[in-house]
Amino acid sequence: MNELLEKGRTHDCGALRASEVGAEVVLMGWAGSNRDHGGLIFIDLRDRYGVTQVVADPSYDEAAHALAERVRGEWVLAVQGVVIERPEGMANPNLDTGEIEVRITKLEILSEARTPPFEIEDDSDAGEALRLQYRYLDLRRSALRENFIRRHQATQVIRNFLTENHFVDVETPMLTRSTPEGARDYLVPSRLARGSFFALPQSPQMFKQILMVAGFDRYYQIVKCFRDEDLRADRQPEFTQIDVECSFLNRDTFFGLMEGLVARIWKEVGGVEIETPFERLPYAEAIAQYGTDRPDRRFGMKLATITDVAGASEFKVFKGAVEKGGVARAMAGPGMASASRKEIDDIIARAQELGAGGLAWAKRTENGYESNITKFFLDGQLEEIGARAGVEVGDLLMMVADAPAVSASVLGHLREEIGARLGLASRDDAKFDFCWVVDFPLLEYDEAEKRFHALHHPFTAPVPEDAPLFDSDPGAIRSQAYDMVVNGNEIGGGSQRIHRRDVQQKMFAALDMDEEEAQRRFGFFMEALEFGTPPHGGIAFGLDRIMMLLTGAPSIRDVIAFPKTQKATCLMTGAPASVERLQLRELGIDGAYR
């Protein structure tokens with residue numbers, strides 16, 4: 001029987017201070033290092049609250065000392081002892097408990113442990129795959145554990161703020177109908193309706209809109225969502241959204257509410273004051289100046305459109321691209337005129353890797369522009385291009401002429417990569433620059449499929465004055481969509497929604513979806529719109545991405561307790577895994593695996 005376990009701990013391992021000297025205490029936790037100093041055995045006892053040094057002295061208690069000699073790293077201990085002041089000069093300023101130690105009077109080993117496959121320390125050099133395989137050990141590291149304590153704080157702040165503002169937390173189904181539009185669904189076969197499948201929700205989109213029809217004018221949910229898509233460092237197959245929907249609010253009022261929410265999170269969890277209101281940046285301006293709809297505005301290097309000058313030059317590559325309907329853009333690389341030819345060749349190769357046919361360049365010196373392409377430009381043309389791009393003496397002028405989306409995307413990526421390389425912005429930068437990106441196109445045309453897709457989703461409302469364009473020029477319709485962006489990261493996306501059936505039908509028709517297909521896939525939703533639907537809109541914030549920014553974590557996996565790899569597998573459990581043939585037979589899908 002473990003007497004100390006029955007007795008219960010009196011303090012956690014981060015609580016004791018010099019004021020407790022002389023007190024008898026009971027602590028429990030994991031053993032860190034075990035150090036034998038001339039018969040005295042020192043053990044760092046650790047729990048999630050901190051570390052306390054405990055010492056076994058044979059002259060004080062021989063039985064406890066004998067047990068302490070056996071203790072190894074990560075064994076679970078219960079310790080009873082007396083708080084004493086550390087000897088002069090031996091205090092540890094790096095520990096909250098560094099002024100004291102506990103002299104053991106009784107020691108119990110609650111659990112022994114195998115030697116861990118890596119050291120449980122904040123600066124572990126273990127590879128990520130090994131740490132994910134033994135995630136329960138990885139989570140013992142205080143730096144990683146702190147991410148989840150802060151995540152807990154964030155969710156409390158979110159719930160408190162939204163409750164204060166009259167939002168109601170409503171759970172929506174995890175098993176729902178597959179309505180694929182964008183990423184692939186994760187499908188769940190039904191045992192009771194063989195041949196039919198549920199889908200795990202990519203978003204509670206239609207349910208939260210139906211809640212608006214039902215009269216819940218302010219809804220929120222911190223909810224799991226699922227998308228079967230290719231992964232990156234900031235993507236996971238299952239992720240957590242802060243899902244919000246409101247009725248009867250104009251956009252300005254809604255923006256103010258959401259800015260207040262984000263400012264509260266950053267202040268109470270990150271200790272950072274955020275200035276509101278956020279600037280609103282039109283989508284077209286974001287693309288033209290930054291090459292992306294999620295711009296990092298902490299540094300300059302803005303893109304400049306130079307199509308007119310490039311088309312009037314004698315540079316055949318540029319003239320040809322412009323004649324084909326392309327757009328030429330330019331960007332300055334601050335202080336990069338000193339770049340070697342290899343460094344410039346690497347930039348050109350990167351531009352080609354990103355999809356451009358090539359990249360032209362010129363160095364701005366005291367004597368003007370120097371490059372092997374200057375002869376193809378008339379007097380004053382490079383100076384005009386440089387002036388638009390903000391090129392100064394000592395800078396490198398970079399230019400791309402290609403399809404409109406390509407020239408923007410390529411220079412946008414290069415801007416971010418070069419900006420990071422030059423130290424103009426980094427993930428651990430304490431500056432947070434927020435903005436709203438607004439006025440997105442409603443639709444984008446897919447040349448391969450010869451049809452339109454919804455740029456956001458098919459329930460996004462068009463700008464009212466553009467609605468007539470459904471019949472004449474759908475590609476020119478602007479949407480009432482908006483994204484909240486900070487430091488080059490989209491942390492939230494939403495829109496004002498379509499709340500009339502006739503407009504929703506026009507949207508489906510623009511997506512090449514006939515009435516029969518629309519009824520089959522969305523009939524229940526279309527019917528709901530007929531029963532008095534209020535104007536409404538909402539947003540979904542990525543909680544995982546927000547926490548990655550607040551903690552400075554290099555990967556979203558560092559703020560998710562049990563994440564998947566980039567191949568959507570769990571190294572700890574081995575999921576996904578095969579199942580018994582009987583299970584497949586019960587689901588009526590056994591034949592598919594023969």
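The values are calculated or read from the model by the stated rules, or taken from the named source; none is laboratory data. Here the structure is a predicted model, which means the values were calculated and not measured. Every residue, glycine among them, receives a Cβ derived from its backbone with ideal geometry; neighbour counts consider all protein chains shown. In case anyone asks, the SASA skips ligands and DNA or RNA and just uses the protein heavy atoms, side chains included. Shrake-Rupley method; radii C 1.70, N 1.55, O 1.52, S 1.80 Å.
Assorted remarks:
- Between the beta carbons of Lys567 and Leu5, assuming R0 = 35 Å, the FRET efficiency works out to 0.25 to the nearest 0.05.
- Counting 0.36 nm for each residue step from Glu366 to Asp473 and taking away their Cα separation leaves a gain of 33.5 nm.
- Cβ-based charge dipole, the chain, positive-most Cα from Thr533, Leu130, Phe198: Phe198
- Peptide packing: for 358-369, 202-213, the average count of neighbouring Cβ atoms within 10 Å per residue gives the ranking 202-213, 358-369, highest mean first.
- Toward the positive end of the charge dipole of the chain, with +1 on the Cβ of Lys and Arg and -1 on the Cβ of Asp and Glu, the farthest Cα among Val54, Ala113, Pro87 is that of Ala113.
- Per-peptide average of other Cβ atoms within 10 Å, ordering 406-415, 512-521 highest first: 406-415, 512-521
- Comparing Ile274, Leu175, Ala286 along the charge dipole axis of the chain, the residue lying farthest to the positive side is Leu175, per the Cβ-charge model.
- Dipole check for the range 309-462: with +1 at the C-beta of Lys and Arg, -1 at the C-beta of Asp and Glu, and the Cα centre as origin, the magnitude is about 220 Debye.
- Were the residues from Arg184 through Ala448 laid out at 0.36 nm apart, the gain over their Cα-Cα distance would be 93.2 nm.
- Equivalent ellipsoid dimensions for the range 420-569 as semi-axes, Å, which come from the Cα gyration tensor, largest first: 35, 18, 16
- In terms of distances greater than 26 angstrom between alpha carbons, the cross-link table entries Lys224/Lys506; Lys342/Lys431; Lys431/Lys567; Lys302/Lys342 yield Lys224/Lys506; Lys342/Lys431; Lys431/Lys567.
- Projected label points at Asn165 and Val463, each 7 Å from Cα along the beta carbon direction, are separated by 2.5 nanometres.
- Its Cα centre serving as origin, the chain has a Cβ charge dipole (Lys and Arg +1, Asp and Glu -1) of approximately 1020 debye.
- Surface analysis of the chain yields an accessible area of 49 Å² per residue, using protein heavy atoms and a 1.4 Å probe.
- Cα gyration tensor shape for the range 1-76, rounded if a/c is under 1.5, else prolate or oblate: rounded
- Length-normalised contact order of the chain in % [C-alpha pairs under 8 Å, at least 6 apart]: 13
- Peptide packing for 266-273, 43-50 was compared via the average number of neighbouring C-beta atoms within 10 Å per residue; ordered from the highest value, the list is 43-50, 266-273.
- In the range 69-127, GluC sites (Glu not before Pro) in a DSSP loop with at most 16 other beta-carbon atoms within 10 Å: Glu88, Glu112, Glu119, Glu121
- Accessible surface of the range 381-432, 1.4 Å probe, proportion on carbon and sulfur as whole %: 53
- Electrostatic dipole magnitude of the range 257-333 [Cβ: Lys, Arg +1; Asp, Glu -1; Cα centre; debye, to 20]: 260
- Global geometry of the range 493-539, whether rounded, prolate or oblate, following the gyration tensor of its Cα atoms and the 1.5 cut on a/c: oblate
- Per residue, the convex hull around the alpha carbon atoms of the chain comes to 234 Å³.
- Counting only protein heavy atoms and a probe of 1.4 Å, the accessible surface of the range 108-192 is 47% carbon and sulfur.
- Qualifying chymotrypsin sites (Phe, Trp or Tyr not before Pro) in the range 499-590, where qualification requires a DSSP coil assignment and no more than 16 other C-beta atoms within 10 Å, comprise Phe531.
- The modelled label-to-label distance between Asp379 and Ser578, using points 7 Å beyond Cα along the C-beta direction, is 7.9 nm.
- Estimated from helices alone, the mean residue ellipticity of the chain at 222 nm is -9000 deg cm²/dmol (sum of -39500 (n - 2.57) over DSSP H runs with n ≥ 4, per residue).
- Carbon + sulfur, % of accessible area of the range 542-593 - ligands and nucleic acids excluded, 1.4 Å: 56
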